[in-house]
Amino acid sequence: MPAKIEWGLKGVIVPLITPFKDDLSVDFEGLATLVDYYIEEVGCDGLVPCGTTGESATLSHKEHAEVIKAVVEHTRKRVPVIASAGSNSTREAIELTEIAAELGADATLQVGPYYNRPTQEGLFNHFAAIAAVAPELPLLVYNIPGRTGRNIEPKTLIRLWEKVPNVVGLKDCSCDLHQMMEVYRHTDPETFKIYSGEDIMTLSILCHGGAGAIAAVAHVVGREVKAMCEAVWSSDLDKARDIHYRIMDVVDALFIEPNPIPVKQAVAWLGLPAGPLRPPLERLTPASREVLRAAMVAGGWLPA
């Protein structure tokens, strides 16, 4: 197996929302505020700009680069920045990865190609080609078949780890614990980190050797998710379970409508910059707002 590049990141990684102004332009001052808040107040272990939660689908290429640049510069190496640079076009993902590398990102997150539904061989070649353009830059594969329409199968993930030195991790949103276990048992946790990307599954993935979570819900319960990670790693499973069940209702509520609709509303209620959503996403419906607010109040994240 080729010598792997080092990637030791464990903990809670926040896939940042992209705050917008009323005219739907990017709120870069607000973005800087969020970076400081999640590093200094929440204690996150890493940041992901321009992911699904960051409304990447409606960012132009210019905005995508500008957001990565702003997050890298304002983070000032306090935590690693994993730039989301994926696409369903291999050429476009390569271009975004080259930009992320030039801007000083510490790694990239590469979503499985969506809509065009490639074969497993096509998936392997897609990620291998992206990895080759920045061989010193760690690459994390992002498997979210519910959005992409194609599962990245364990054999493909294991092959990528075996054959591509800078493929160092996985954000798993497959909701398939058996699949995740297959990947874990055939890779080395020292050189391949598995992060939960399905927030209700985080405790289960941690208990099976996960390195943490790239957690949309960390916008609201980041401290709790971090404490849950640390409880598992210190073998205090009773404490980890208590945290899991304590945050379960708000985690469910944060996905009552498609991400990041509820998350942006929750961030705004916390008094942080969020702003509107870009179409075709719409603001949270009144009924869903009641559910989310009730869950946040019950858990103590909002005053009654």
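The values are calculated or read from the model by the stated rules, or taken from the named source; none is laboratory data. Quantities reported herein were computed from a predicted structural model and do not represent experimental measurements. In this analysis, Cβ positions are derived from the backbone assuming ideal geometry, glycine residues included, and neighbour counts consider all displayed protein chains.
The number of residues in the range 122-176 that are touching a residue at least 40 places away in the same chain (Cβ under 8 Å), surrounded by fewer than 18 Cβ atoms within 10 Å (Cβ to Cβ) and within 17 Å of the chain's Cα centre (by Cα) comes to 1.
Within the range 253-288, the set of residues being more than 18 Å from P15 (Cα to Cα) and acidic (D, E) comprises just one member, E282. L47 meets the stated requirement of being buried (at least 24 other Cβ atoms within 10 Å of the Cβ) and on the phi < 0 side of the Ramachandran plot.
Name the residues in the range 75-122 that are part of a helix (DSSP H, G or I) and of a type in the set (G, A, S), would you?
Scanning the range 75-122 gives A93, A100, A101, G122.
Being part of a strand (DSSP E or B) and either closer than 24 Å to G222 by Cβ or of a type in the set (K, R) (or both) holds for only one residue in L47, L34, and it is L47.
For the range 7-27, a tally of residues being in a loop (DSSP other than H, G, I, E, B), over 19 Å from L140 (Cβ atoms) and not charged (D, E, K, R) returns 5. In the range 138-215, counting only helices (runs of 4 or more DSSP H) that sit wholly within it, the ones holding 1 or more residues that are among the polar types (S, T, N, Q) and closer than 18 Å to I13 by Cβ span 202-207.
hydroxyl-bearing (S, T, Y), at pLDDT 95 or above and either within 20 Å of G46 (Cα to Cα) or surrounded by 16 or more Cβ atoms within 10 Å (Cβ to Cβ) (or both): is that true of S204 in this structure? Criteria not met by S204.
Among the residues of the range 126-137, those identified as of a type in the set (G, A, S) and not in a loop (DSSP other than H, G, I, E, B) are A128, A129, A131, A132. Of all the criteria given as (1) buried (at least 17 other Cβ atoms within 10 Å of the Cβ); (2) touching a Leu at 6+ places or on another chain (Cβ under 9 Å), the one not satisfied by R278 is (1). Listed by first and then second residue, the pairs linking a residue in the range 227-252 that is touching a residue at least 60 places away in the same chain (Cβ under 8 Å) to a residue that is part of a helix (DSSP H, G or I) and among the hydroxyl-bearing types (S, T, Y), with Cβ atoms under 9 Å apart and 6 or more places separating them unless they lie on different chains, are C229/T202. Kindly indicate whether K21 is at pLDDT below 95, over 19 Å from W301 (Cβ atoms) and basic (K, R). So K21 fails the test.
Note on the range 50-65: residues that are without any contact (Cβ under 8 Å) to a residue 60 or more places away in the chain, surrounded by fewer than 24 Cβ atoms within 10 Å (Cβ to Cβ) and part of a loop (DSSP other than H, G, I, E, B) amount to 2.
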